[in-house]
Amino acid sequence: MTSLDPLAPRLPSPLQEVRDDRFERRGLRLLLKRDDLIHPHLIGNKWRKLVPNIEAARGRPLVTFGGAYSNHLRATAAAGRLLGLVTVGVVRGEELAGRPLNPSLARCAADGMRLHFVDRSTYRRKTEPETLAAILGAAGAEEAYVVPEGGSNGAAVHGCRALGEELRGHADVVAVACGTGGTLAGLAAGLTAGQRALGVPVLRGGFLEGDIQALQERAFGGRTGSWTLDERFHFGGYARTTPELHTFAEDFETRHGLPVERLYVAKLLYSLVALADEDAFPRGTTIAAVITGRPLPLP
């Protein structure tokens with residue numbers, strides 16, 4: 001069994017109140033749940049989701065999936081380096097195989113991850129048993145433990161339940177940016193009656209509610225906790241941003257000294273300011289924003 005000592009976390013993660021007039025003038029408190037400080041390499045929800053899967057793998061190689069800018073691939077590669085585990089990353093986009101690696105994939109390779117590129121049609125069917133078996137065979141990873149895209153499965157959802165438990169009694173609304181939905185599925189289950197979780201999807205499509213409910217059914221037997229989604233703040237979809245979002249993030253950094261990751265965290269914080277402007281929260285509400293990541297350095 002692999003020792004997980006190199007992955008020792010800082011838990012519970014810090015809870016930081018920030019003074020922001022955009023919230024205070026509406027009678028709202030804003031807290032930042034600093035999951036970005038859990039571990040220097042497995043940041044935020046990546047630690048909470050990956051560690052239960054690493055424990056389940058029991059030393060077997062790990063194979064997982066992601067796009068060219070996947071934070072999940074980077075975290076898995078880092079975990080492999082720290083623990084001495086073999087990792088294989090199945091990357092969406094066969095056309096990328098012949099190009100220079102972008103900084104994100106270059107970091108994965110530097111951490112020892114073997115990259116296997118597949119065409120986008122095959123990638124979309126990766127959860128089908130026959131397609132998955134073919135991918136694993138082509139990648140030489142038939143005996144590997146499979147971690148799904150984004151790390152979201154039943155083990156990960158149970159791992160993220162602790163996030164909600166850490167926030168019991170601290171906030172009325174807990175908001176988190178969502179990619180595959182595993183963090184929200186676990187977070188909502190860990191909160192108590194009277195608290196609710198708000199998810200802000202960073203992908204377009206409107207499919208995430210069903211995915212989150214399915215994750216909760218696998219992990220807990222049914223829909224659990226009070227949670228909703230607001231689909232309006234994806235800024236064009238995953239890995240897409242706009243000048244407006246960058247301006248907002250830079251302003252937030254200046255106001256509060258917090259490095260703001262753009263693909264998830266900036267969209268979350270922007271949504272909360274917009275919802276406050278819409279009077280979506282009653283006066284007296286305490287909102288906790290889960291900071292699930294930070295800007296990653298280039299290799």
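Below are the figures for this structure:
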| read-out | value |
| --- | --- |
| Region 127-154, subset under 18 Å from the mean Cα position of the chain (by Cα) and part of a helix (DSSP H, G or I), residue surrounded by the most Cβ atoms within 10 Å (Cβ to Cβ) | GLY151 |
| Residue in region 55-64 that is within 17 Å of GLY179 (Cβ to Cβ), in contact with a helix residue (DSSP H, G or I) (Cβ under 7 Å, 6 or more places away or on another chain) and of a type outside the set (D, E, K, R) present | yes |
| Matching residues in region 165-174 - criterion: being surrounded by fewer than 24 Cβ atoms within 10 Å (Cβ to Cβ) and touching a residue at least 24 places away in the same chain (Cβ under 8 Å) | GLU165, GLU166, LEU167, ARG168, HIS170, ALA171, ASP172, VAL173 |
| Among (1) of a type in the set (Ser, Thr, Tyr); (2) under 21 Å from the mean Cα position of the chain (by Cα); (3) surrounded by 14 or more Cβ atoms within 10 Å (Cβ to Cβ), the one test that THR228 misses | (3) |
| Qualifying residues in region 232-246 (those that are modelled with pLDDT of 95 or more and open to solvent by 60 Å² or more (accessible area, probe 1.4 Å)) - the one nearest to the chain's Cα centre (by Cα) | ARG232 |
| Matching option when the condition is over 30 Å from ALA214 (Cβ atoms), surrounded by 20 or more Cβ atoms within 10 Å (Cβ to Cβ), out of contact with any strand residue (DSSP E or B) (no Cβ under 7 Å at 6 or more places or on another chain) and among the aliphatic types (A, V, I, L, M), among ALA249, ALA266 | ALA249 |
| Of the criteria (1) modelled with pLDDT of 95 or more; (2) touching a helix residue (DSSP H, G or I) at 6+ places or on another chain (Cβ under 7 Å); (3) not charged (D, E, K, R), which one THR180 fails | (1) |
| Hits in region 209-244 - residues which are among the hydrophobic types (A, V, I, L, M, F, W, C) and free of Cβ contacts under 8 Å to residues at least 24 places away in the same chain | ALA214 |
| Residues located in region 162-195, provided they are over 15 Å from GLY44 (Cβ atoms) and either among the hydrophobic types (A, V, I, L, M, F, W, C) or outside any loop (DSSP other than H, G, I, E, B) (or both) | GLU165, ALA171, VAL173, ALA185, ALA188, ALA189, GLY190, LEU191, ALA193 |
| Members of region 115-135 that are of a type in the set (Lys, Arg) and out of contact with any Ser or Thr (no Cβ under 7 Å at 6 or more places or on another chain) | ARG120, ARG124, LYS126 |
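The values are calculated or read from the model by the stated rules, or taken from the named source; none is laboratory data. It should be emphasised that the depicted structure is a prediction, and the values quoted were computed from it without experimental measurement. So basically every Cβ, Gly included, is an ideal-geometry build from the backbone, and we count neighbours across all protein chains shown. Ligands, DNA and RNA are excluded from the accessible area calculation, which covers all protein heavy atoms including side chains. Shrake-Rupley method; radii C 1.70, N 1.55, O 1.52, S 1.80 Å.
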